[in-house]
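A.B. asks: Take a look at the following structure, please.
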Amino acid sequence: MTSPQPRIGVVRFPGSNDDRDALWALAALDAEPVAVWHSATELPDLDAVVLPGGFSYGDYLRCGAIARFSPAMTAVAEFAEAGGLVLGICNGFQILCEAGLLPGVLRPNTSLAFVCRDVPVTVERTDTAFTARCSQGERLVIPVKHGEGCWYADDELYAAVEAHDQIVLRYAEPVNGSVGDVAGVVNEAGNVMGLMPHPEHAVDPLLGSADGALILASLVDAARERALAAV
Amino acid sequence: MRATVLVRPKDGILDPQGQAVESSLRQLGFAVDTARVGRVVDLEVEGSDPAAARAEVERMCEQVLANPLIESYEIELAGADA
């Protein structure tokens, strides 16, 4: 018996530019990718949602601050509140933070330089829907490309995030000045994750690393389980 | 009614943009200790009641114009003492 292809939505905002890579990567990992337009007031029937990278609404005001109010984001927030799996990559991470679905905020890199290179990240948790295929402490090499990826939380919030074990990925070397070298976090419930590195750009070894496939394939696995449970 | 919102990086928050401006000013020979860079939002809001307008702009700041994690804001209403 063939297992069903989970349907994973990729929301396209004006200014998204990694949506096609995300759609391609999800298809390569045996999911059925579904492009969702930002003005959609309802999501189609989906098993997971990806918010792709880019510069939604030109990064006006603050990164992610405007996209947060798009109709599709209202639907995504409802989807997440109902326990749906949501992965935000780069600008998607920024949007999730601005929307209050993830803790903290992404600020300009402390160097003020745009960082565009492969970076090593360490897997801090493997018991999430996004990292189940990784091993604890595993070092992944995944590209980043951002000017505003410096994750910030004040002392109180950072202590709470650590206490709830919400840090999933940390940079293994300095990249952008993030508090605690945080590269990716989940919400307390564990169904929403955001990360600055781009797993969708590291799915085929031809491009230097296939480590990103571990993250996206974990998501596809978890989405497939949900699709099966719903049948 | 005209309202001006000043959004600033909160005290203690690292402001790399401000630091870059500060070092440029120093290079030009200006005696500058610190520079912090924020944002100005000019608004034309409906109604003539300053208290109501201020409350409305405060809601805008909390929801959109500032991120309370990292930014503080000040509201000035033109021609109002409120």
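A.B. asks: Specify the residue that is farthest from A:Y60 (Cα to Cα); the eligible residues are those in the stretch A:1-45 that are part of a loop (DSSP other than H, G, I, E, B) and among the acidic types (D, E). Give the derivation first.
C.D. replies: In the first step, residues of the stretch A:1-45 are kept if they are part of a loop (DSSP other than H, G, I, E, B); the result is A:1-6, A:13-15, A:17-18, A:29-31, A:38-45.
Now narrow it down to the ones that are among the acidic types (D, E): A:18, A:30, A:42, A:45.
Values: A:D18: 18, A:D30: 35, A:E42: 25, A:D45: 31 Å.
It comes out as A:D30.
Okay, residues lined up against (1) surrounded by fewer than 24 Cβ atoms within 10 Å (Cβ to Cβ); (2) away from every other protein chain (no Cβ under 11 Å); (3) modelled with pLDDT of 95 or more; (4) closer than 23 Å to A:E188 by Cα:
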{"position": "A:G58", "(1), (2), (3), (4)": "yes, yes, no, no"}
{"position": "A:L112", "(1), (2), (3), (4)": "yes, no, no, no"}
{"position": "A:V121", "(1), (2), (3), (4)": "no, yes, yes, yes"}
{"position": "A:R125", "(1), (2), (3), (4)": "yes, yes, yes, yes"}
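A.B. asks: Quickly run through the stretch B:1-33 and pick out the residues that are of a type in the set (A, V, I, L, M, F, W, C) and either outside any strand (DSSP E or B) or within 13 Å of chain A (Cβ to nearest Cβ) (or both).
C.D. replies: At the first step, the residues of the stretch B:1-33 found to be of a type in the set (A, V, I, L, M, F, W, C) are B:1, B:3, B:5-7, B:13-14, B:20-21, B:25, B:28, B:30-32.
Matches in the stretch B:1-33: B:M1, B:V5, B:V7, B:I13, B:L14, B:A20, B:V21, B:L25, B:L28, B:F30, B:A31, B:V32.
A.B. asks: Sticking with this one: Any idea which of (1) of a type outside the set (D, E, K, R); (2) in contact with a His (Cβ under 7 Å, 6 or more places away or on another chain); (3) within 14 Å of chain B (Cβ to nearest Cβ) is the one A:I89 doesn't satisfy?
C.D. replies: It is condition (3) that A:I89 fails.
A.B. asks: Could you identify the single residue in B:D11, B:D49 that is out of contact with any Asp or Glu (no Cβ under 6 Å at 6 or more places or on another chain), closer than 24 Å to A:V179 by Cα, surrounded by fewer than 14 Cβ atoms within 10 Å (Cβ to Cβ) and among the acidic types (D, E)? Outline the logic, then answer.
C.D. replies: Working: B:D49 fails: closer than 24 Å to A:V179 by Cα.
Matching residue, one of B:D11, B:D49: B:D11.
A.B. asks: Moving to a separate point now. Being touching a His at 6+ places or on another chain (Cβ under 9 Å), in a loop (DSSP other than H, G, I, E, B) and not aromatic (F, W, Y) is the filter here, so list the residues in the stretch A:104-125 that pass it. Spell out the reasoning first.
C.D. replies: Here is the first cut: in the stretch A:104-125, the ones touching a His at 6+ places or on another chain (Cβ under 9 Å) are A:106, A:109, A:114-116.
Still in the list and also in a loop (DSSP other than H, G, I, E, B): A:109, A:114.
Residue satisfying the conditions is A:N109 alone.
The values are calculated or read from the model by the stated rules, or taken from the named source; none is laboratory data. Just so we're clear, the structure is a prediction, and the values are computed from it rather than from any experiment. Counting neighbours? That spans all protein chains shown, and the Cβs are built from the backbone with ideal geometry, glycine included.
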